[in-house]
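The values are calculated or read from the model by the stated rules, or taken from the named source; none is laboratory data. Source: prediction; values computed, not measured. FYI the Cβ positions are ideal-geometry reconstructions off the backbone, even for glycines, and counts take in every protein chain you see. Accessible surface areas use protein heavy atoms only, side chains included; no ligands, DNA or RNA. Shrake-Rupley method; radii C 1.70, N 1.55, O 1.52, S 1.80 Å.
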Amino acid sequence: MNSFDFSPLFRSTIGFDRLTRLVDAASRVDTAALAYPPYNIEKTGEDAYRLTMAVAGFSTEEVDLTVHENTLLVSGRAKKEDGNVRYLHRGIARRAFEQRFSLADHIKVAGASLVNGMLHVDLVREVPEAMKPRKIAIAAAQPEAIEKKAA
């Protein structure tokens, strides 16, 4: 069963069309494309995450990170090697790759580093002050004041 009917949801929700696109995209994912390069996603704090991707053989100039809307795109393009090299065995894959990660609202890329063939991308959730819960003070009013307003 690869299709979902979201029509009942559309009758009572507004602005959740992005969610339906995410579910639709997840159902069409090519699992072979997800295998290279291998990666981990870990939660490092209350509102912090880290994406770690194994990009052995790639330099910082050959790996590109792009954030557009709520999508993080990690791509790698290896430079052409010297044609005089003859491999007896070539086990380190340096083929081009492109991985897309859907980011939740208010997730920002805090930084990235490439150390020992591992690309680390740190992400944080930064909820704007206007969207954080806030306490509303309740003023004590005199009963007479309430009656005057009602009259």
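A few remarks follow.
- Taking the criterion of being on the phi > 0 side of the Ramachandran plot and of a type in the set (Asp, Glu), the only residue of the range 51-90 that qualifies is 69.
- Residues of the range 53-88 satisfying the condition of being within 14 Å of residue 121 (Cβ to Cβ) and among the aliphatic types (A, V, I, L, M): 53, 54, 55, 63, 65, 67, 72, 73, 74
- The residues of the range 90-115 that are closer than 14 Å to residue 77 by Cα, among the small types (Gly, Ala, Ser) and either in contact with a helix residue (DSSP H, G or I) (Cβ under 9 Å, 6 or more places away or on another chain) or touching a residue at least 24 places away in the same chain (Cβ under 8 Å) (or both) amount to a single one, 93.
- Pairing residues of the range 121-142 that are within 24 Å of residue 111 (Cβ to Cβ) with residues that are open to solvent by 90 Å² or more (accessible area, probe 1.4 Å), at Cβ distances under 6 Å and at least 6 apart in sequence or on separate chains, gives 124/108; 126/108.
- In the range 83-135, residue modelled with the highest pLDDT [restricted to those that are open to solvent by 90 Å² or more (accessible area, probe 1.4 Å) and under 17 Å from residue 44 (Cα atoms)]: 108
- Once the range 35-62 is narrowed to residues that are more than 16 Å from residue 92 (Cα to Cα), open to solvent by less than 80 Å² (accessible area, probe 1.4 Å) and aliphatic (A, V, I, L, M), the residue that is modelled with the highest pLDDT is 51.
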